[in-house]
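What follows is a short report on a single structure.
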Amino acid sequence: MDEQKIREALQVVVHPKLRKSLIDIGMIRNIVIDDDSVTLSLALRSERSPLRKVFIREIEKAVGDVPGVSSVQVEVIALSREEFDQLFPRAPLKGIEKVKNFLAVASGKGGVGKTTVAINVALALVKQGFKVGLLDADVYGPSIPVMLGISAVLEQKDNMIIPQEKYGLRIMSLGMTAGRGEAFIWRGPLVSKMINQLLGKVTWGELDYLVIDLPPGTGDPSIAIANALPRCLVLMVTTPQEVALADVRRALGLFQKTGQPIVGLVENMSYFLSSPSAEPIEIFGRGGGEQLSKETGLPLLGSLPIDLELRQGGDSGVPLLVSSADSSTGHIFHTIAHKIAEQTRRLE
Ligand SMILES: Nc1ncnc2c1ncn2[C@@H]1O[C@H](COP(=O)(O)OP(=O)(O)O)[C@@H](O)[C@H]1O
Ligand SMILES: [Mg+2]
């Protein structure tokens with residue numbers, strides 16, 4: 001009895017969907033023979049895979065029938081994400097077939113200016129000549145329609161939703177499907193389905209960037225995006241008070257774990273300018289973003305001031321990058337967008 005015999009015997013254990021033997025596609029590995037006992041690993045997507053029992057039974061039978069084998073031990077291990085994607089390539093979602101890059105704007109908690117950053121960075125990318133879409137994936141509190149002054153209802157064609165166009169952006173938000181102020185309550189599996197529809201059932205068309213405004217934290221929508229878009233870039237927004245908190249680190253940890261490249265940090269509400277030429281007033285102390293950047297090794301792409309015009313822009317539906325792109329805050333958004341484009345090229 002030798003490994004070759006065991007491998008040959010294992011040819012009969014076939015994956016029902018892939019119609020190939022588990023041994024040939026690398027789902028059986030680490031065969032160790034010790035006298036008359038054989039141990040091997042079975043790599044599955046998850047340890048709770050419904051095929052687990054069937055595979056183990058078939059493996060035990062196949063190996064057990066090899067002359068000289070008296071015991072078979074199967075250890076179940078997990079396939080890495082890359083291995084899984086290679087074995088089971090997902091059909092691309094139709095709506096995003098022609099989207100080159102995805103940029104999710106994330107934060108540890110709410111109210112840090114994530115949506116404000118998503119909108120103005122998206123607009124800065126438009127001004128730099130890119131084709132950009134904006135997806136409001138904050139399914140619990142979609143605020144993009146209000147912040148961009150969109151009240152139109154959705155149009156459909158060929159069973160696909162047509163995104164709204166405004167300020168050169170293609171925009172889709174659940175807030176466009178229902179009355180304002182309506183609360184959205186979604187449960188885990190539904191969230192994932194909803195996110196997949198927002199990506200796949202919308203005719204995004206050709207885009208250089210689809211900017212995605214995520215809900216804060218590490219909940220189901222962030223996980224759904226990570227699952228649907230393994231190569232989604234992440235931009236993390238924090239405030240100086242927040243950098244010391246665990247929320248940001250937890251959120252960064254989630255994206256690092258799911259393998260999403262984090263393009264950098266944006267520190268929002270870092271300081272206050274009472275007038276464009278005044279000395280900056282650092283209300284919350286200084287250096288929080290820099291410190292987080294040093295600690296995590298992630299670049300700090302920009303620090304935005306508390307800017308009344310930015311808030312008014314959010315309230316009026318005319319964002320700062322439309323009303324005063326040339327202001328000092330406007331320039332910071334341009335720099336952030338420029339650095340994102342640079343990072344994107346580097347990551348390609
Ligand atoms: N740098 C800033 N200066 C002034 N107001 C800001 C700034 N960033 C965000 N805001 C305002 O703070 C509120 C929360 O911002 P928002 O972008 O909705 O946060 P989030 O999406 O993280 O919940 C909004 O009213 C917005 O206009
Ligand atoms: Mg928001």
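The values are calculated or read from the model by the stated rules, or taken from the named source; none is laboratory data. None of the values given here were measured: they were computed from a predicted structure. Glycine gets a Cβ as well: all are built from the backbone with ideal geometry, and neighbour counts include every protein chain shown. For the accessible areas, the whole protein counts, side chains as well, though only heavy atoms, and no ligand, DNA or RNA atoms are used. Shrake-Rupley method; radii C 1.70, N 1.55, O 1.52, S 1.80 Å.
Things worth noting here:
- Computed as a quarter of the hull surface, the mean projected area of the alpha carbon convex hull for region 186-265 stands at 5.8 nm².
- Probe 1.4 Å - accessible area at TYR167, Å² to nearest ten: 70
- For the pair region 240-277 and region 78-116, the centres of their Cα atoms are 19 angstrom apart.
- Residues whose amide H lies under 5 Å from that of VAL72, counting only those 5 or more places away or on a different chain, are VAL38; hydrogens are built 1.01 Å from N in the peptide plane.
- Charge tally in the Cβ shell below 11 Å around THR218, where Lys, Arg are +1 and Asp, Glu are -1, THR218 excluded: +2
- Near the amide H of LYS166, within less than 5 Å, lie the amide hydrogens of ILE171, all on another chain or at least 5 residues away, with H placed in the peptide plane.
- Pairs exceeding a 24 Å alpha-carbon distance, out of LYS20/LYS193; LYS131/LYS201; LYS94/LYS193; LYS98/LYS166; LYS98/LYS127: LYS20/LYS193.
- Average projection area in nm² (convex hull over Cα atoms of region 3-87, one quarter of hull surface): 5.1
- Counted by Cβ distance under 12 Å from ILE161, the other residues give a net charge of +2, where Lys and Arg count +1 and Asp and Glu count -1.
- Neighbourhood charge, 12 Å Cβ-Cβ cut-off, centred on PRO276 and excluding it, Lys, Arg +1 and Asp, Glu -1: -4
- Accessible area of SER274 in the full protein assembly, 1.4 Å probe (Å², nearest 10): 80
- Here the Gaussian network model covers the chain, with springs between Cα atoms less than 10 Å apart; of GLY64, GLY141, GLY111, GLY64 fluctuates the most.
- GNM remark for the chain: springs join alpha carbons under 10 Å apart, and the peak mean-square fluctuation among ASP247, ASP307, ASP34 falls on ASP34.
- Rounded to the nearest Hz, the phi-derived 3J(HN,Hα) couplings of region 98-107 under the Karplus curve 6.51 cos²θ - 1.76 cosθ + 1.60 (θ = phi - 60°) are 9, 8, 7, 9, 10, 10, 8, 9, 10, 7, where x marks glycine and proline.
- Counting only the Cα atoms, the chain fills a convex hull of 156 Å³ per residue.
- Length gained when the stretch LYS100-ARG346 is fully extended (0.36 nm per residue, less Cα-Cα span): 87.2 nm
- For region 183-290, the list of GluC sites (Glu not before Pro) that fall in a loop by DSSP and count at most 11 other C-beta atoms within 10 angstrom reads GLU206.
- Simple label model, 7 Å out from Cα along Cβ direction - ARG81 to ASP326, nm: 4.4
- Dipole of region 3-87, positive direction: furthest Cα of PRO16, VAL74, VAL38, with charges on the beta-carbon: PRO16
- The relative contact order of the chain comes to 17 percent, based on Cα pairs under 8 Å that sit 6 or more residues apart.
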